[in-house]
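See below for the structure under consideration.
The values are calculated or read from the model by the stated rules, or taken from the named source; none is laboratory data. Every value quoted in this text rests on a predicted model; they were computed, and no experiment measured them. Positions of Cβ are backbone-derived with ideal geometry, glycine not excepted, and every protein chain shown enters the neighbour counts. We work out accessible area using only protein heavy atoms, side chains counted, and drop any ligands, DNA or RNA first. Shrake-Rupley method; radii C 1.70, N 1.55, O 1.52, S 1.80 Å.
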Amino acid sequence: SALVLMEGLSDRAVSLEDYVNRSYLAGSPDQKNPAMLRLWQTLTTRRITSLSDVTLVSMLLKAHPEHREQILIRHARNMSIRDFKTGQFIINGSLVSTPWEALFEPQLNFRIERQNSGPSFVRNTRPQPGEPPVYASSSSGAAGETSYARIALAPNLSGSGKVLLLSGVTMTASEAAAE
């Protein structure tokens, strides 16, 4: 969640490379505004998560109490590429909130993408007859919005385990994928 706020404040997307080498933590969006500097400092030093992440963990623990000791919770900022070579993982979020998804995107037919700092969408890289190449959220007025989520199971980086990717083009869609 902190990363999403930082991207909004700095008006720049954070790539996996920026995330891994922590270069996104440098600088601040507004050096003249003391409140903005304090907020930026808080975001760079705290491990902040969303209610949807906590809800997902709660659902997992309730659904599998016998595996409680095997379920480890790690903040995305504490992970490294090496971690994804062994074991099983669930990555909840999107490329915006969890750049680790970029490690697995090339293996997937349905990829979550974003236009610069614009809205995210799902790209169908190999559309079958009758399938659109892009699935984008659309507002349908007061009745609601159509949005898209992706649930994908991919091998970890060594092929010895699995990674479950739960992503949406909006926060609501991400929460739906987790549910």
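If I filter the range 39-51 for residues that are farther than 24 Å from Ser174 by Cβ and in contact with a Leu (Cβ under 6 Å, 6 or more places away or on another chain), do I get at least one hit?
no
Output yes when any residue across the range 34-46 is closer than 25 Å to Ser158 by Cα and out of contact with any helix residue (DSSP H, G or I) (no Cβ under 7 Å at 6 or more places or on another chain), and no when none is.
No; the residues of the range 34-46 include none that is closer than 25 Å to Ser158 by Cα and out of contact with any helix residue (DSSP H, G or I) (no Cβ under 7 Å at 6 or more places or on another chain).
In the range 17-67, how many are of a type in the set (Gly, Ala, Ser) and in contact (Cβ under 8 Å) with a residue 24 or more places away in the chain?
Number satisfying all stated conditions: 2.
Out of the residues in the range 100-117 that are over 22 Å from Ser160 (Cα atoms) and without any contact (Cβ under 8 Å) to a residue 40 or more places away in the chain, state the one that is surrounded by the most Cβ atoms within 10 Å (Cβ to Cβ).
Step by step, filter the range 100-117, then rank; the result is Arg111.
Sort through Ser174, Ser120, Ser97, Ser139 and tell me the only one that's open to solvent by 80 Å² or more (accessible area, probe 1.4 Å) and at pLDDT below 90.
The unique qualifying residue is Ser139.
Checking the structure you have, find out if any residue of the range 77-90 is aliphatic (A, V, I, L, M), over 15 Å from Val163 (Cβ atoms) and open to solvent by less than 80 Å² (accessible area, probe 1.4 Å).
No.
Do you know which residues across the range 28-56 are hydrophobic (A, V, I, L, M, F, W, C) and out of contact with any strand residue (DSSP E or B) (no Cβ under 9 Å at 6 or more places or on another chain)?
Ala35, Met36, Leu37, Leu39, Trp40, Leu43, Ile48, Leu51, Val54
Being over 28 Å from Phe104 (Cα atoms) and of a type in the set (Val, Ile, Thr), is that true of even one residue in the range 32-49?
Taking every residue of the range 32-49 in turn, at least one turns out to be over 28 Å from Phe104 (Cα atoms) and of a type in the set (Val, Ile, Thr).
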